[in-house]
Amino acid sequence: MVLEWNDVVLYPAGNPAQQLNYEAKLLMPEGWKFGTSLPIENQSGNQVAFRLISLDMLVDSPVITGEFYRAIDLTPAGEPIHHEIDMVADSEAALNMSPENQKQMTNLVAESGKLFGARHYRDYHFLFTLSDHVAHFGLEHHESNDSRLPERTLLQPGSGMMLGSLLAHEFVHSWNGKFRRPADLTVSYFEAPMETDLLWVYEGLTDYLGPMLAARSGLVTPEQYHEYLASIAASLGPGRPGRTWRPLLDTAVGEPVIAYGRAGWLNWRRGVDYYEEGDLLWLEVATIIHRETKGQKSIDDFCQAFHGGPNNGADVKTYTFDELVSALNAIAPYDWAGFFHTRLDSTSADAPVGGIENGGWKVMFNAEPTKLPGRRGNATDVYSIGLQIGSDGVVGDSTVGGPAFEAGISSGMKIVGVNSRVYTEDVLADAIKAAKDSSQPISRSEERRVGKECRSRW
């Protein structure tokens with residue numbers, strides 16, 4: 001069980017969350033164990049009482065509990081603040097984190113200290129749920145993160161990449177998002193609305209720093225990191241024609257609507273692009289800092305200045321756009337306001353690859369599909385015929401203007417046959433390869449659903 005206190009707590013209206021104090025108690029099934037960043041008052045058998053704590057910190061401190069539980073110390077040698085990963089799983093075998101992964105996660109903690117030069121928590125818990133029966137996502141907190149992946153994640157060859165793509169991101173949020181937080185995203189009441197226009201910093205910068213730390217710690221290889229950046233650039237270029245009418249800033253401003261909208265047509269309406277485009281945006285910032293200071297300063301210097309300071313526990317220090325620009329200018333004088341406005345308001349069809357090219361690289365398309373654990377969609381289909389298709393043949397997205405779109409295939413249809421064969425991913429992949437040297441079109445059988453009626457056609 002993953003206990004999120006906001007699902008079960010009531011509080012009197014009109015009172016700031018940090019001014020309300022709670023004594024929480026948890027009764028678990030016999031034999032279950034738990035992990036949390038909450039300080040413990042006392043524990044007896046299967047019942048635990050937590051110390052008096054403010055409502056905002058209670059909500060910010062989930063608990064994971066289960067029959068199959070394991071805790072591993074991730075504190076680097078000489079590090080004064082305790083770090084650990086608490087894991088619960090559907091089976092005992094799923095908790096078998098390899099010594100290599102343990103070393104990489106310990107490296108992640110050490111590298112975060114080097115990057116930010118400070119910590120803003122009493123101790124830190126990676127709360128890690130390994131299950132095929134929960135939603136898979138990550139959620140940041142000051143002193144922990146609630147991360148969930150499939151049961152056998154740690155038993156797979158690509159486990160480092162999976163850990164690095166999720167847990168590193170949520171860990172970075174302790175500094176960028178929880179400690180340093182946009183002023184308009186900082187409210188005293190849970191029911192108060194937030195202004196989301198700076199999510200390209202809250203999430204975008206985090207999405208850049210997380211994989212960077214994962215690469216520095218060995219969770220991902222340099223080759224995987226390069227391919228990760230290239231795959232983002234590819235997905236934001238010709239594969240997302242919505243860039244021609246919807247600027248990046250609008251994906252942040254419109255987040256409350258677009259983040260949980262209906263599936264389909266993501267390439268045209270865009271989604272929460274401030275995440276992945278944030279990788280490229282902040283990579284370019286990093287290369288500009290290096291260039292403008294002639295190699296004397298780096299993105300690390302900015303992070304230490306912006307996210308540093310004394311450790312007063314789970315503290316919050318807000319900022320505005322102007323303060324962000326000022327902090328960057330203190331590291332490397334430049335027209336940062338103009339740079340950001342240009343990138344945020346752009347309706348260019350091209351992906352913003354300035355950071356990649358500043359680093360001496362270039363994004364190239366070839367016949368080899370990307371192979372990154374945990375990346376959604378079949379890149380071969382997206383960049384050839386313009387379709388994102390699930391293993392069941394259901395079309396998740398059809399690129400507006402792409403070959404499949406022009407042939408009448410739209411989001412929500414189901415491909416049941418390819419060239420007179422029953423659809424499988426391999427059958428479609430073979431048909432795409434064969435079409436390269438053929439003038440004959442790929443034929444398909446599709447299924448459309450109209451209300452309760454099902455129609456099929458060749």
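The values are calculated or read from the model by the stated rules, or taken from the named source; none is laboratory data. Quantities reported herein were computed from a predicted structural model and do not represent experimental measurements. Quick reminder, even Gly has a Cβ in these numbers, built from the backbone with ideal geometry, and neighbours come from all protein chains shown. Just the protein is used for accessible areas: all its heavy atoms, side chains included, with ligands, DNA and RNA removed. Shrake-Rupley method; radii C 1.70, N 1.55, O 1.52, S 1.80 Å.
In the context of the full set of protein chains, residues of region 231-325 present 44 Å² of accessible surface per residue (probe radius 1.4 Å, heavy atoms only).
Using a 1.4 Å probe on the protein heavy atoms, what percent of the accessible area of the chain belongs to carbon and sulfur? For the chain, the apolar C and S fraction of the accessible surface comes to 51 percent.
If the cut-off is a Cα-Cα distance under 30 Å, which lysines reach residue 362, setting aside same-chain residues fewer than 8 apart in sequence? Once the sequence-local lysines are set aside, what remains near residue 362 is 114, 294, 297, 371, 433, 436.
Taking 0.36 nm per residue of separation and subtracting the Cα-Cα distance, what length does fully extending residue 346 through residue 75 add?
Details: separation 271, 0.36 × 271 = 97.56 nm, distance 4.32 nm.
Difference between extended and current length: 93.2 nm.
Compared with the alpha-carbon gap, the fully stretched path from residue 257 to residue 437 is longer by 60.4 nm at 0.36 nm per residue. A simple rule links phi to the HN-Hα coupling: the Karplus curve 6.51 cos²θ - 1.76 cosθ + 1.60 with θ = phi - 60°, which for region 132-145 gives 8, 10, 10, 5, 9, 6, x, 9, 7, 9, 4, 10, 6, 9 Hz, with x for Gly and Pro.
How much length would be gained if the chain were fully extended between residue 44 and residue 186, taking 0.36 nm per residue of separation minus their Cα-Cα distance, in nm to one decimal?
On the way: separation 142, 0.36 × 142 = 51.12 nm, distance 3.73 nm.
Between residue 44 and residue 186, full extension yields 47.4 nm more.
Cα centroids of region 203-242 and region 408-442: 29 Å apart. With protein chains left intact and a 1.4 Å probe, residues in region 1-99 average 52 Å² of accessible area per residue.
For the chain, return all DSSP H helices satisfying: extent of Cα atoms along own axis at least 30 Å; mean Kyte-Doolittle hydropathy at least 1.6. None pass (Cα extent of 30 Å or more, hydropathy at least 1.6).
Of the GluC sites (Glu not before Pro) found in region 100-192, those that fall in a DSSP loop while having at most 10 other beta-carbon atoms within 10 Å are 191.
With a 10 Å radius around each residue's Cβ, average the other Cβ atoms per peptide and rank 328-337, 8-17, highest first. Please report the intermediate quantities before stating the final value.
Numbers: 328-337: 16.2, 8-17: 10.2.
Going from most to least packed, we get 328-337, 8-17.
Within the shell defined by Cβ-Cβ distances under 11 Å, the residues around residue 313 carry a net charge of -1, with Lys and Arg each +1 and Asp and Glu each -1.
Rounded, prolate or oblate: which fits region 105-241, taking a ≥ b ≥ c as square roots of the Cα gyration tensor eigenvalues, rounded meaning a/c under 1.5, else prolate when a/b beats b/c?
On the way: a/c = 1.41, a/b = 1.20, b/c = 1.17.
Judged from the Cα gyration tensor, region 105-241 comes out rounded (a/c under 1.5).
For region 164-216, the solvent-accessible area of protein heavy atoms averages 28 Å² per residue (probe radius 1.4 Å; ligands and nucleic acids excluded).
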